[in-house]
1. Got a number for residues in the stretch 167-207 being under 13 Å from residue 128 (Cβ atoms) and assigned to a loop (DSSP other than H, G, I, E, B)?
2. Being under 28 Å from residue 19 (Cβ atoms), in a loop (DSSP other than H, G, I, E, B) and more than 14 Å from the chain's Cα centre (by Cα) is the filter here, so list the residues in the stretch 56-83 that pass it.
3. Go over the candidates 174, 205 one by one and state the one that is without any contact (Cβ under 8 Å) to a residue 40 or more places away in the chain, within 18 Å of residue 136 (Cβ to Cβ) and out of contact with any helix residue (DSSP H, G or I) (no Cβ under 7 Å at 6 or more places or on another chain).
4. Does residue 169 satisfy the condition of being in contact with a helix residue (DSSP H, G or I) (Cβ under 6 Å, 6 or more places away or on another chain) and either at pLDDT below 95 or buried (at least 18 other Cβ atoms within 10 Å of the Cβ) (or both)?
5. Just a yes or no: is a residue in the stretch 222-230 loosely packed, with under 14 Cβ neighbours inside 10 Å, farther than 27 Å from residue 64 by Cβ and at pLDDT 95 or above?
6. Being touching a strand residue (DSSP E or B) at 6+ places or on another chain (Cβ under 9 Å), farther than 20 Å from residue 100 by Cα and in a loop (DSSP other than H, G, I, E, B) is the filter here, so list the residues in the stretch 16-50 that pass it.
7. Would you mind finding the one in 192, 212 that is at pLDDT 95 or above, within 18 Å of the chain's Cα centre (by Cα) and under 25 Å from residue 43 (Cα atoms)?
8. Note down all Cβ pairs under 9 Å where the first residue falls in the stretch 31-49 and is over 21 Å from residue 232 (Cβ atoms), the second is part of a helix (DSSP H, G or I) and at pLDDT 95 or above, and they're at least six residues apart or on different chains.
């Protein structure tokens, strides 16, 4: 277990793959909200590590990463990313983020445009409204989840711990609500002067195709990839066609 310590004392867990060949570019693989690197992006590691030096991290409060703050805030997650990259002396990299990971990748690109070369945003919900956040908040109730989706609740226990998962779910609900008024605006997207591939499954339950299309068109250099027979969970994504698309896109 390798960790970086944030200014508030929270230990952020991260992993590296692909060796130390300096000629290989960096690719950061970011998990989604309530996700962990112990389960997400794993099938992609071996093929991607042949061409890239890979960096993965558990988001604050997720998996093996701590959160000493009373809440889970998107800006603090961004600070964690910047701090870890500074610690590892990574000045430029590619990013592939799933769900909230794609949102964080976009925030990093807007915050440090010279640092991010390309960005893949898979299954990332960008347009949060009061209604969609309220609906998500109802779903992010640990008691309801334990009753209605016990298999998923058991997975969260395995990934985040028997006590932490309930705290994390409640904090995730608050974070989602904060994105309605405190998230990235569509006007800010004009500053994203890097190639961005917006990827979405044709059966995504959280991100409708029109929203993904709108996001791709709002980005100055946005592209849209629709994956067939794919729902929102990352485990429903097959290596083909996403892997070859990633390899081609991040090589630009």
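The values are calculated or read from the model by the stated rules, or taken from the named source; none is laboratory data. Model, not experiment: these values are computed from the prediction. Cβ coordinates were reconstructed from backbone atoms using ideal geometry, including for glycine residues, and neighbour counts include every protein chain displayed.
1. Looking only at that region, the number is 5.
2. Result: 64, 65.
3. One residue alone meets the criteria, 205.
4. Against the criterion (in contact with a helix residue (DSSP H, G or I) (Cβ under 6 Å, 6 or more places away or on another chain) and either at pLDDT below 95 or buried (at least 18 other Cβ atoms within 10 Å of the Cβ) (or both)), residue 169 qualifies.
5. yes
6. Hits for the stretch 16-50 are 18, 19, 20, 21, 22, 24, 25.
7. 212
8. Final answer for the pair search is 47/239; 47/243; 47/247; 48/243; 48/246; 48/247.
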